[in-house]
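Scroll down for the structure; my scribbles are underneath it.
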Amino acid sequence: MGFFLETLFGGLMVGMLYSLIAIGFVLIYKASGVFNFAQGAMVLFAALAMARFAEWFPQWFGFESQILANILAFVAAMGVMVIVAWLIERLALSKLVNQEGITLLMATLGIAYFLDGVGQTIFGNDIYKIDVGMPKEPLMVLQDTFQGGLLLSQEDLIAALVAAGLVVVLAIFFQKTATGRALRAVADDHQAAQSIGIPLKRIWVIVWSVAGFSALVAGIIWGSKLGVQFSLSLVALKALPVVILGGLTSIPGAIIGGLLIGVGEKLSEIYLGPMLGGGIEIWFAYVLALVFLLVRPQGLFGEKIIDRV
Amino acid sequence: MFYRENGQFKSSYRADQQIFPIAQDRLAILVLLLVAFIVVPLGVSDYWMRAILTPFLILSLAALGLNILVGYCGQISLGTGAFMAVGAYAAYNFQVRIDGMPLIASLLLGGLCATIIGVLFGIPSLRIKGLYLAVATLAAQFFTDWAFLRIQWFTNNSSSGSVSVAGLNVFGVPIESPVQKYLFCLVFVVVFALLAKNLVRSAIGREWMAMRDMDVAAAVIGIRPVYAKLTAFAVSSFIVGVAGALWGFIHLGAWEPAAFSIDRSFQLLFMVIIGGLGSIMGSFFGAAFIVLLPLFLNQLPGWLGFSISTALASHLETMIFGALIVFFLIVEPHGLARLWSTGKEKLRLWPFPH
């Protein structure tokens, strides 16, 4: 029982991390109808920037404090992500207005490759670490209830809290602010939004910046857990089935989908894996999403408007 | 001046509908084929043959298959690598499990297995499209990656996980030297390109294109979506499967699942986009471009007189690929093939541009 619960919690925590990345997908899709394949590359880029700035700033400006370095690096990385957002809008998206979804999808694939290349050229391609002072020791709980207790990683708990905080902030931003309303209007109908005076270009820069922000947060958490390296951009491929499962337009969907896939992955690996030869984590999420697509194409919480054939 | 079509009269429907209606085009293709079949094997070094021309031919074939699905039928697929892998491993199993299996038969049977898997993963396309379908094909990619790594039966219980073929021969002629391999692939490519060209010109090809352009309208005029989409998946994965089998058998000789990873899928998609969506010719241009660009990038700093590290070179390569994808999608969504046909239009009027 204790082992089962431990697996369950482990899955929930990993799922939370998937959700963090999935939120980035949902944000951009919600606000501009673009399915952003480059989200993974943005996570890698943001994490690389953060890791390297935190390393460089103390050398450049001659101070010692790790906390100051982290804060400055965070601000600088965020600045870089805004510039990236602006460049993407300026160089790619504004020229692809009114194109089909597939064209935009392939364009973001190109952006993903470009960002991967640029990021590693500027920031190097070793494994870097991000140290934001997250506690590393696992937490022992419920020692009285089960033999051996439950081991929970504190990092994962913090990640879950951060993700929850991010969702609350984003929900408020989308529901309560004028910019948030403008974003939703653009998502519904570009032309109508433009005709009532919503500046499409600025909205896109904002959306991509916000997605860059969520990529940065996801990158910091994943990065301090596993180190910043190229494989980080592949984690985003895991977040794809999450958004499909949860629904492309729903932030709660991204969270629930992430949790479902995280838990499903871990449990299936433990209980189903040995029968099938192990390593089924790789495709479990995809097959789950595939089966789900056939039954309920809009996902758990997605809007019903969908390209049904 | 040299590319004039006035005076070339067509007096039958057959003549009007042939693949190359202009005499100069027919001549050019004939010369190209002669060069490919006779001059190249005589005059090109083994290194070029082995490291550039053979991969180029096989990747062109795979891009051709993908182009039928993405370019002609509008069903985006990110799982091409998976279908290549199915083709390669199935052909391998036919080769090692059945005594005296002819090479060509096992390659084609490999393609047939890829067809079955392709249709299976194409079934979701009947309910979903666009990026949802992309995710469905990604599922194929991850599933086959895993299956060929973990399920021992597929690799004939090889301990290292990699499989190899040796002693290939066709009708008693060994396929061993670079020239033989090149010619073998060339024959396949020419035959399949001709088949594909004729398929896309025929009724079924027009159904695919109608499906791509507007599926609802296509259904209204009596095109069966199920039939059109599944045939596109079937034909596409057959060609891709044969290409995969060739890639494993002829180009690599020994391979493991990583040879058909998701990177391969993306690479093929890039070929199709850069070369030209919905163009047989474009598949060749795209493959040539993507095979040659890394070589060019590796050589360029040397010519300019400075050196860059291999890591930087590979980063530059991904950057340039990414930038080019976006560039082509914005500026010329029909890719290099459209540039080619624009060039031909210009040539038609040359030297008097009016």
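Listed here are the pairs B:Lys10/B:Lys344; A:Lys95/B:Lys344; A:Lys30/A:Lys238; A:Lys30/A:Lys266; which of them are more than 22 Å apart at the Cα?
The answer is A:Lys95/B:Lys344; A:Lys30/A:Lys266.
Please compute the net charge surrounding B:Ile280, taking Lys and Arg as +1 and Asp and Glu as -1 over other residues with Cβ under 12 Å from its Cβ.
+2
Once a ≥ b ≥ c are taken as the square roots of the eigenvalues of the Cα gyration tensor of chain B, is the result rounded (a/c under 1.5), prolate (a/b larger than b/c) or oblate (a/b not larger than b/c)?
Taking the square roots of the gyration eigenvalues as a ≥ b ≥ c, chain B is rounded.
Would you tell me the accessible area of A:Arg90, worked out with a 1.4 angstrom probe on the heavy atoms of the protein chains, in Å² to the nearest 10?
100 Å²
Per residue of B:326-338, how many C-beta atoms from partner chains lie within 10 Å of its own C-beta, taken as a mean?
Across the residues of B:326-338, the mean count of other-chain Cβ atoms within 10 Å is 4.
Between chains A and B, what is the buried accessible area summed over both chains (1.4 Å probe, protein heavy atoms, nearest 100 Å²)?
What A and B bury together is about 4000 Å².
I want to verify a result. In a Gaussian network model of chain B, Cα cutoff 10 Å, which of these has the top mean-square fluctuation: B:Gly205, B:Gly322, B:Gly253?
In the Gaussian network model the winner is B:Gly322.
Taking chain A as a Gaussian network, where each spring joins two C-alpha atoms under 10 Å apart, which residue of A:Gly262, A:Gly180, A:Gly124 fluctuates the most?
A:Gly124
Mean-square fluctuation check for chain A, GNM, Cα pairs under 10 Å: which of A:Asp189, A:Asp116, A:Asp156 is largest?
Ranking A:Asp189, A:Asp116, A:Asp156 by mean-square fluctuation puts A:Asp189 first.
Please list, in chain and number order, the residues 5+ apart from A:Val228 or on another chain whose amide H is under 5 Å from its amide H, with Hs placed from the backbone.
A:Tyr128, A:Lys129, A:Ile130
Averaged across A:290-297, how many Cβ atoms of other chains sit within 10 Å of each residue's Cβ atom?
Taking the mean over all residues of the peptide, I get 4.
Roll a 1.4 Å probe over the protein heavy atoms and report the accessible area of B:Ser236 in Å², nearest 10.
Probe radius 1.4 Å; accessible area of B:Ser236 about 10 Å².
For the pair B:Ser341/B:Asn156, report the inter-label distance in nm, with labels modelled 7 Å from Cα in the Cβ direction.
Each label point lies 7 Å from its Cα, and together they span 4.5 nm.
Sort B:47-57, B:72-82 for me by packing, meaning the mean count of neighbouring Cβ atoms within 10 Å per residue, highest on top.
Sorting B:47-57, B:72-82 by mean packing, highest first, produces B:72-82, B:47-57.
Take each of the peptides A:269-277, A:204-212, average the number of other beta-carbon atoms within 10 Å over its residues, and list them starting from the highest.
A:204-212, A:269-277
Would you work out if the protein assembly as shown is rounded, prolate or oblate? Take a ≥ b ≥ c from the square roots of the eigenvalues of the alpha-carbon gyration tensor; rounded if a/c is under 1.5, else prolate when a/b is larger than b/c, oblate otherwise.
Verdict is prolate for the protein assembly as shown.
Once phi is turned into ³J(HN,Hα) by the Karplus curve 6.51 cos²θ - 1.76 cosθ + 1.60 with θ = phi - 60°, what whole-Hz value does each residue of region B:146-161 show in order, with x for glycine and proline?
Calculated HN-Hα couplings, in order: 5, 4, 6, 7, 9, 8, 4, 4, 5, 9, 6, 6, 6, 6, 7, x Hz.
I want to check the label-to-label distance for B:Leu293 and A:Asp189. Put each point 7 Å from Cα in the C-beta direction and report it in nm to one decimal.
3.9 nm
With every protein chain kept in the model, how would you rank A:His190, B:His334, B:His315 by accessible area, 1.4 Å probe, largest at the top?
Greatest to least solvent exposure: B:His334, A:His190, B:His315.
Residues with beta-carbon under 15 Å from that of A:Gly180, excluding A:Gly180: net charge, scoring Lys, Arg +1 and Asp, Glu -1?
Here the count lands on +4.
Counting each DSSP H run of 4 or more residues in chain A as -39500 (n - 2.57), what helix-only mean residue ellipticity at 222 nm follows after dividing by all residues, to the nearest 500 deg cm²/dmol?
Only helices count here, giving -25000 deg cm²/dmol.
Hey, how many Å between the Cα centroid of region B:9-76 and the Cα centroid of region B:216-290?
One Cα centre to the other: 16 Å.
For B:Leu61, A:Leu151, what's the largest-to-smallest order of accessible area, 1.4 Å probe?
Sorted by accessible area, descending: A:Leu151, B:Leu61.
How large is the accessible surface per residue of region B:45-349, computed with a 1.4 Å probe and reported in Å² as a whole number?
Accessible area per residue: 39 Å².
For B:311-319, what's the mean count of beta carbons from other chains sitting within 10 Å of each residue's beta carbon?
Average per residue, whole number: 5.
Among the complete DSSP H segments of chain A, which ones combine at least 18 Å of alpha-carbon extent along their axis with a mean Kyte-Doolittle hydropathy of -1.0 or more?
A:2-32, A:39-61, A:66-91, A:101-123, A:154-176, A:200-226, A:232-246, A:251-271, A:281-295
Just to make sure I understand: if all protein chains stay in place, what is the order of A:Ile255, B:Ile221 by accessible area at 1.4 Å, largest first?
B:Ile221, A:Ile255
Could you tally the net charge around A:Gly119, taking each other residue with its Cβ under 13 Å from the Cβ of A:Gly119, Lys/Arg +1 and Asp/Glu -1?
For residues surrounding A:Gly119, the net value is -1.
I need the shape label for chain A. Rule: rounded when a/c is under 1.5, else prolate if a/b > b/c, else oblate, with a, b, c from the alpha carbon gyration tensor.
Cα axes put chain A in the oblate bin.
Along the Cα-to-C-beta direction of A:Leu8, a point sits 7 Å from the Cα; which residues of region A:270-291 have their amide N less than 15 Å from that point?
A:271
The values are calculated or read from the model by the stated rules, or taken from the named source; none is laboratory data. Since the structure is predicted, the reported quantities are computational estimates derived from the model, not experimental observations. All Cβ positions, even for glycine, are placed from backbone atoms using ideal geometry, and neighbour counts span all protein chains on display. Just so you know, the surface numbers come from the protein's heavy atoms only, side chains and all, with ligands and any DNA or RNA stripped out. Shrake-Rupley method; radii C 1.70, N 1.55, O 1.52, S 1.80 Å.
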